[in-house]
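Student: Could you have a look at this structure, given as C-alpha cells, before my questions?
The values are calculated or read from the model by the stated rules, or taken from the named source; none is laboratory data. Since we're looking at a predicted model, the values are computed, not measured. With ideal geometry, Cβ positions are generated from the backbone for all residues, glycine too; neighbour counts draw on all protein chains shown.
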Amino acid sequence: MTIIDLFSILPVIVLLVWALFLLMADLWLSKYKPGWTPVLAVVGLLLSLAASVFQAGENFSGFSGFILVDGFSNFLQPLFAITGILAIGLAYDYLKRHDIHRGEYFILILFSISGMMLMSSAGDLIMIFLSLELLSIPLYIMASLAYPRLESEEAGLKYFLLGTFSSGFLLFGIAMIYGATTTTNLLDIFKFVGAGLYDPTLMIIGSVLVLIALGFKVAAVPFQSWTPDVYQGSPSPVSAFMSVGVKAAGFSALLRVFSLIFPQLAPALTPVFWVIAALTMIVGNVVAISQTNLKRMLAYSSIAHAGYLLMAFVPFGDAVTRQNSIAAALFYLLAYGLASLGAWAVLIGLEGDKYSGNTLDDLAGLGKKSPISAALMTVFMLSFTGIPLTLGFWGKFYLFRTTIEGGFIGLAIIGLLTSLISAFYYLRVVVKMYFTEGETNFHWNFWTSAVAIFAGLALLVFSFVPGWFFELAARATLIGF
Amino acid sequence: MTLNPLLLVTFFPLIGVLIVLLLKPAWKNALRWTALSTALVTFGLSIWMLTQFNAASGDMQFEFLLPWFNLGGNPIGVHFGVDGISILMVLLTTFLTPLAILSTWKAVAEKVKGFMAFFLLLEVGMLGVFLSLDMVLFYIFWEFTLIPMYFLIGLWGGERRVYAAVKFFLYTFAGSILMLAGILWIGLQYGSFDLSLLSSAGLIPATAQLWLFGAFGLAFAIKVPMFPLHSWLPDAHTEAPTAGSVILAGVLLKMGTYGFLRFNLPLFPNASMQLAPWMAGVAVIGIIYGAAVAYRQKDVKRLVAYSSISHLGFVVLGIFALNLQGIQGAILQMVNHGLSTGALFLVVGLLYERRHTRVLENFGGLWKVMPVMGTLALITVLSSVGLPGLNGFVGEFTILLGTFKSTVLGSPWFAGVATFGVILAAVYLFHMFQKLFLGPVTHDENLKLKDVSVREILVLAPILLLAFWIGIYPKPFFMLMAPAVEKLAVLVQNAASLVH
C-alpha cells in the first residue's frame, strides 16, 4: 500500500476514521451531551467534503485499479457529503420528537455515506459489491430505528430481505462477468471486451444480473415494489436519505459499469434499457396519481425519476452522446436530490408526534398557516414537474436533449408525456396547500426549515445560472476514455 | 452603455413586485397603487419605445443579445427583439394590464398583496413571450406565465376555480411539452436555438417541417384555443376573477396566434402552405361552433368566453390565408379582440360585482336603472360585433378580404362560411345585450343597482376610445406592422415557390 493508494480514498478514510472514533465517543456523549454527536458527524462530513475538494481535478487509480479517482467521483463525492449533512439536519429534530434519538443514527449515516463515496470511485466489480454492502447495512438498521413500531420493523426487514436478495444477483452477475472475461477489474473488462476476448453469452447474462441488482437499489420497474412500503414505514428522515443517497449511489455504479460494457453490447442492451426506462416512468407516474399518502406518493415519484435517469443510458451505444448523457444524468441527480430532500423536509414538518399527518389532506391550509413552507413545497413540486425557473426544468431539458441527440425521440416523447401525468399529482399538492381550507399541524424546526430553505433557494437561484453546473457535470468524465 | 428599452419594458414590473412584497398585507390601498403605478410606468415605457421604433423597417429592432450558457455545444442566449408584429402585442399587454388592475379596486378585497404580485409577474411573463428571440428563452417565458395565472384563477376565482385552474395548467402544459421536444430537435439539428439565425436560413427539410409544425402548432392551437382543443377556455374564463379574464382573453390567447406568426410561418413555411387549408378549415369550424355554443349559454361570462373561440377563429383564418391582407387583418384583429373582449369581461365583471350573479335570466331592463353602463356596454357589444366605424369591423373585413383573395386556400368557401360567422356574432351578442339591458325590469333587486362610478368609467373609456380610433382611422396600426408582415409573407411565398 503506497501513499497514492491512501490518497485515492482520502475522503472515505477521513469519514470512516471519524465515524469509528465518534462511535466510541458516543458512548460517553450519549449520556452527557447527546446533542454533540450529530454536530460532530456534520464536522466529519465537512472534513470529508474538504478532502474530496482537495482531490478535484485528479485522475488516477489506486489499490491496483480497485479505486478510480476521476471527474466522475469528484462530482459525486461532495454531493454525497452534502446529502449526508442535509440528512442529519432532517433527522435531528425528528428523532427527538419521536423519542428515538440515538447517537448511533448519525454514525450510521457516516458509514453509509462512505459506502456511497466508495461506490462512485469503484474500479472493480468486487469493490462495487463491497461498497454496496457498506452503504446498505447501516440503512437496514436505520429503517427499523423506530423499533417498537411495527411498520418501521416491517420496512427494515423488507429492505433487508430484498437488499440481500439483490446482493445475490450482483454476486452472480460478477461471477458471470468474471467467467466471461477472466477479470473483475472494470478497465480490464473494457479492454478485453473491446478486443473481443470475451464470451458474449456469459457477458450479457452477467451484465443483466448486475442491472437487476442495481435496479433494486435505484427502484427501477419491475424491481420497485419494495419502495413505497419501505419509504412509508421507515422514519421520514431515513426515507429522505434513501430516496436521494442510495439512488445516486446506485446510478453512479450503473453509469460506471455500463459505460464500460455498453459499447460492444449496445445492440443487446439498448432495447433492455429502453423498455425499463419507459416502464419505470410510466408505472411510477401513473401509480403515483392514486396515492393519498404523501410518503407513498414521494416513493412513486422517486421511482418515476429513476425512470427519467434511466433514459440517460439508452443512448450509451454512441460514444459522442455518452459523455453528454453521463453529464445529463449527474445534473438530473443534483436537481432531483435537492427537490427530494426539500420535499421530505416539508413532510417532516408536517408529521405529527405519533407518525401521523402524512396524508394529502394534512396539507390543507398550509398556504395560510406557513406561507414560506408552502411556497417552498411549491418550488419542489414545480421542480419535480420540470417547470422553468427551477433546476428541475434544466435537468429534464438536458436529459431529453441527450435522448433526442441519441436518436430516441419516441422515448423522449414518452418521458415528456409522463411529465404531464406527473404534473397532475404534483399540482394536487399545490391545490391542497393553497386552495383547500383546513387546519394543518405544521410546525417548523430550525434545522428542518434550514434544509428546506437551502434546497428551495438552490433550485431557484441556480436555475438562473445553470451553465456553471452544466460545465461541472460535463467535466465529470470517467477514467478510461 | 444605454439601457435597452426592451429590457426596461419587460422587467420593469419586477420592481413593482419587489415593492409589493415588501409592503404589509394590510396596506391594501398602498398595494393597489403600487401595482397600478408600476403598470402605468410600464405602459409609458412601452410608448417611449414606440416613439423610438422605426416603423419603416421590417427587421428586429432594439435587439439585445447576451450569451447565457452553453449546453453540450449549443449556445443559449438571452435574445430580445421587437418588430412590427410583436410591438403591437407588447402595447396591448402594457395597455390592458393597468386597466385590469384598476378594475380590481373593489373586486379583489382579500389577499391583495398576492394578487398584485402575481399580476405583475404575469405581465413580465407575457412581455417576455412576445419579445424573446431565443426558443429556449421563449419556452421559459411561455411556461412561466402558467404559474401566476394558475394561482390567479385558483385563489381568486369563482366556485369551480380549482377545477378550472388545474384544467388550464394541464392543457397548456400538455401542448407545450411537445413544443419542447420540437425545440430540442431543432437545436440539435442546427446547433442553435436562436430564431433569427434559423428563420433566415430556411434549412428545415419538408417532412421534418410537417412534424415540427405539428409539435409547435399543438401548443399554439391549445393556447388560442382552436376547436376541438378549446374545452379548458370556458372554464378558465368563467372561473377567473374579472381582471384575470381580461388578461386571459386579451393577451394570453394571443400568445397562441402570435406563436403561429413567429414560429410556424417563418420556420416551417412549406408545412404552413401545405396545411393552410386544414388550419383554415378548422378555424372556420371554430368560428361557427363558438358562435352557436355562445348563443346557448345562460351564464354571461361563459357566453363571452365562447365568443372568444369564434373570434379567434377569424384570427387563425387570417393567418393561414398566408397573404399580406390576411395576416395584417389577423394581427389587427388580435388587438381588436383584446380590446373588445377585454371590455366585455369588464362589463360582465361590473354586473357581477353589483348583483353577484352571472345568469342572464336574473337581469333585464338594466338600461333604465343604469343608463351610462348601458351605453358603455352597447359600444362594447357593437365593437365586438364588428359594426363599421368601430375596431372589429376593420379587422374582420381585412381578414375576409385576404381570405377571399388567398391563392393558398384557393376557395371562396372559407371566407363565405366565415362571413356567416359575423352575422352569428351579431345574433348572440345582441341576444345577450337584450337580455341584460332591454325590456322591463323583471327582478326587484335590479332596481337598486348603482350606475358606474368614475373609476369604472376610467377603466372602460380608454378601451372604447381606442376602439373608435381603430375603427375610424386604422392606418397607423397597419403602417406599424406592414413592413414586418410583408417580410413574413415574402418569406413564406418564396419558400413555397421553391417547392413547386
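Student: Take region B:125-145 and flag every residue that is closer than 24 Å to B:L31 by Cα and surrounded by 22 or more Cβ atoms within 10 Å (Cβ to Cβ).
Tutor: B:G125, B:M126, B:L127, B:T145, listed by residue number.
Student: Oh, and also: Give me the pairs: first residue in region A:93-112 and touching a residue at least 40 places away in the same chain (Cβ under 8 Å), second residue of a type in the set (S, T, N, Q), beta-carbon distance under 7 Å, and six or more apart or on different chains, which are they?
Tutor: Correct list of pairs: A:D93/A:N445; A:D93/A:T448; A:Y94/A:S236; A:G103/A:S30; A:G103/A:T37; A:F106/A:T37.
Student: What single numbered condition from (1) in contact with a helix residue (DSSP H, G or I) (Cβ under 6 Å, 6 or more places away or on another chain); (2) more than 10 Å from every other protein chain (Cβ to nearest Cβ); (3) crowded, with 19+ Cβ neighbours inside 10 Å; (4) within 28 Å of B:A343 (Cβ to Cβ) fails to hold for B:G158?
Tutor: (3)
Student: Count, please, the residues in region A:57-80 that happen to be farther than 17 Å from A:L15 by Cβ and of a type outside the set (F, W, Y).
Tutor: Total meeting the criteria: 9.
So that you can scan it fast, the table gives a plain yes or no per residue for (1) assigned to a loop (DSSP other than H, G, I, E, B); (2) surrounded by fewer than 20 Cβ atoms within 10 Å (Cβ to Cβ); (3) not aromatic (F, W, Y):
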{"residue": "B:L387", "(1), (2), (3)": "yes, yes, yes"}
{"residue": "B:F393", "(1), (2), (3)": "no, no, no"}
{"residue": "B:L401", "(1), (2), (3)": "no, yes, yes"}
{"residue": "B:T407", "(1), (2), (3)": "yes, yes, yes"}
{"residue": "B:G410", "(1), (2), (3)": "yes, yes, yes"}
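Student: Does region B:424-444 contain any residue that is in a helix (DSSP H, G or I) and touching a His at 6+ places or on another chain (Cβ under 9 Å)?
Tutor: yes
Student: Okay, next question. Can you tell me which of B:G72, B:G44 is under 25 Å from B:L122 (Cβ atoms), out of contact with any Gly (no Cβ under 8 Å at 6 or more places or on another chain) and without any contact (Cβ under 8 Å) to a residue 24 or more places away in the chain?
Tutor: B:G44
Student: Here is a follow-up. Determine which member of the set A:G168, A:G179, A:G156 is surrounded by 23 or more Cβ atoms within 10 Å (Cβ to Cβ) and out of contact with any His (no Cβ under 6 Å at 6 or more places or on another chain).
Tutor: One residue alone meets the criteria, A:G156.
Student: Here's something else I'd like to know. Go through A:I9, A:I88 for me and flag whichever is closer than 17 Å to A:S114 by Cβ and in contact with a strand residue (DSSP E or B) (Cβ under 9 Å, 6 or more places away or on another chain).
Tutor: After applying the criteria, what remains is A:I9.
Student: So is A:L427 within 17 Å of B:W211 (Cβ to Cβ) and either more than 8 Å from chain B (Cβ to nearest Cβ) or assigned to a helix (DSSP H, G or I) (or both) or not?
Tutor: Against the criterion (within 17 Å of B:W211 (Cβ to Cβ) and either more than 8 Å from chain B (Cβ to nearest Cβ) or assigned to a helix (DSSP H, G or I) (or both)), A:L427 does not qualify.
Student: Mind checking which helices (runs of 4 or more DSSP H) fall wholly inside region A:163-250 and carry at least 1 residues that are within 18 Å of A:G337 (Cα to Cα) and touching a residue at least 12 places away in the same chain (Cβ under 8 Å)?
Tutor: In region A:163-250, A:200-218, A:226-233, A:236-241 are the helices (runs of 4 or more DSSP H) which contain 1 or more residues that are within 18 Å of A:G337 (Cα to Cα) and touching a residue at least 12 places away in the same chain (Cβ under 8 Å).
Student: Hey, any hits in region B:344-360 for a residue that's buried (at least 24 other Cβ atoms within 10 Å of the Cβ), closer than 21 Å to B:V427 by Cβ and among the aromatic types (F, W, Y)?
Tutor: yes
Student: If you don't mind, there's one more thing I want to ask. Report yes if B:L133 is farther than 30 Å from B:E239 by Cβ and facing chain A (nearest Cβ under 10 Å), otherwise no.
Tutor: Spelling it out, it is not the case that B:L133 is farther than 30 Å from B:E239 by Cβ and facing chain A (nearest Cβ under 10 Å).
Student: Turning to a different aspect of this structure: Applying the selection to region A:382-424, what residues are within 11 Å of another protein chain (Cβ to nearest Cβ), under 17 Å from A:L457 (Cβ atoms) and assigned to a helix (DSSP H, G or I)?
Tutor: Matches in region A:382-424: A:L382, A:F393, A:W394.
Student: For region B:228-241, what are the residues that are buried (at least 23 other Cβ atoms within 10 Å of the Cβ) and of a type in the set (S, T, N, Q)?
Tutor: B:T238
Student: Return the residue satisfying two criteria in turn: it lies in region A:283-318 and is within 14 Å of chain B (Cβ to nearest Cβ) and either in a loop (DSSP other than H, G, I, E, B) or in contact with a Pro (Cβ under 7 Å, 6 or more places away or on another chain) (or both), and of such residues it is surrounded by the fewest Cβ atoms within 10 Å (Cβ to Cβ).
Tutor: Only one residue fits best here, namely A:D318.
Student: So in region B:161-181, with the set limited to residues that are of a type in the set (V, I, T) and buried (at least 22 other Cβ atoms within 10 Å of the Cβ), which one is nearest to the other protein chains (Cβ to nearest Cβ)?
Tutor: Among those residues, the one meeting the criterion is B:I177.
Student: Just the residues that are surrounded by fewer than 23 Cβ atoms within 10 Å (Cβ to Cβ) and hydrophobic (A, V, I, L, M, F, W, C), please, taken from region B:73-84.
Tutor: Result: B:V78, single match.
Student: State whether the residues of region B:46-63 include one that is assigned to a strand (DSSP E or B), at pLDDT below 90 and surrounded by fewer than 17 Cβ atoms within 10 Å (Cβ to Cβ).
Tutor: Yes, region B:46-63 contains at least one residue that is assigned to a strand (DSSP E or B), at pLDDT below 90 and surrounded by fewer than 17 Cβ atoms within 10 Å (Cβ to Cβ).
Student: Select, from B:L465, B:L480, B:L447, B:L498, the only residue that is surrounded by 13 or more Cβ atoms within 10 Å (Cβ to Cβ) and either modelled with pLDDT of 90 or more or hydrophobic (A, V, I, L, M, F, W, C) (or both).
Tutor: Result of the check over B:L465, B:L480, B:L447, B:L498: B:L480.
Student: Next up: Which residues, counting only those in region A:409-440, are more than 22 Å from B:G175 (Cβ to Cβ) and either among the aliphatic types (A, V, I, L, M) or in contact with a Phe, Trp or Tyr (Cβ under 8 Å, 6 or more places away or on another chain) (or both)?
Tutor: A:V429, A:M433, A:Y434 - these are the residues of region A:409-440 that are more than 22 Å from B:G175 (Cβ to Cβ) and either among the aliphatic types (A, V, I, L, M) or in contact with a Phe, Trp or Tyr (Cβ under 8 Å, 6 or more places away or on another chain) (or both).
Student: Exactly one condition in (1) crowded, with 24+ Cβ neighbours inside 10 Å; (2) farther than 28 Å from B:W156 by Cα is false for B:G250; which is it?
Tutor: (2)
Student: If B:F193 meets every condition in (1) touching a residue at least 60 places away in the same chain (Cβ under 8 Å); (2) more than 14 Å from chain A (Cβ to nearest Cβ); (3) within 29 Å of B:Q493 (Cβ to Cβ); (4) crowded, with 22+ Cβ neighbours inside 10 Å apart from one, which number is that one?
Tutor: Of everything listed in (1) touching a residue at least 60 places away in the same chain (Cβ under 8 Å); (2) more than 14 Å from chain A (Cβ to nearest Cβ); (3) within 29 Å of B:Q493 (Cβ to Cβ); (4) crowded, with 22+ Cβ neighbours inside 10 Å, B:F193 misses just condition (2).
Student: When region A:435-458 is examined, which residues are found to be at pLDDT 90 or above and within 14 Å of another protein chain (Cβ to nearest Cβ)?
Tutor: none
Student: Quick one: would you say A:L334 is of a type outside the set (V, I, T), within 26 Å of B:G114 (Cα to Cα) and more than 13 Å from chain B (Cβ to nearest Cβ)?
Tutor: No.
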